[in-house]
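What follows is a set of notes on a single structure, which appears directly below.
The values are calculated or read from the model by the stated rules, or taken from the named source; none is laboratory data. The shown structure was predicted, so the numbers you read here are calculated from the model rather than taken from an experiment. Here Cβ is always computed from backbone atoms with ideal geometry, including for glycine, and neighbour counts include all displayed protein chains. Only protein heavy atoms, including side chains, enter the accessible area calculation; ligands, DNA and RNA are left aside. Shrake-Rupley method; radii C 1.70, N 1.55, O 1.52, S 1.80 Å.
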Amino acid sequence: MHRTTSKPHPLQLAKRCGAKTRSGKPCQSPVVRGRNRCRMHGGAHGSGAPPGERNGNYRHGLYTAEAVAERKAVRAWLRSMPKI
């Protein structure tokens, strides 16, 4: 089965993944539709971190400058209270 046209296959024109492989070269697999990586490098359905609190990188605000300053002020106020 030989092709009759000289136009490239659509797969040859597809955008490539480009993730660094273990050999140090960029991955040449085509990207998954709607993503920037191939199915093996994070383009597959369900890949990636979970959203919100289930993500280990969730920010809760406990250590913001405002929260730390507020706790410091409360401790200072409690220390200034007369002992009973």
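Lys and Arg at +1, Asp and Glu at -1: add these up for the other residues within a Cβ distance under 13 Å of G61 and post the number. Here the charged neighbours net out to -1. Within the shell defined by Cβ-Cβ distances under 15 Å, the residues around G48 carry a net charge of +4, with Lys and Arg each +1 and Asp and Glu each -1. Put simply, the convex hull of the Cα atoms in the stretch 4-47 casts, on average, a shadow of 4.0 nm². Here the translational diffusion coefficient of the stretch 28-84 follows from Stokes-Einstein with Rh set to the Kirkwood radius across Cα pairs; for 37 °C and 0.692 mPa s it amounts to 209 µm²/s. For the chain, the solvent-accessible area with a 1.4 angstrom probe is 96 square angstrom per residue. Note on the chain: with neighbouring protein chains present and a 1.4 Å probe, carbon and sulfur make up 56 percent of its accessible heavy-atom surface.
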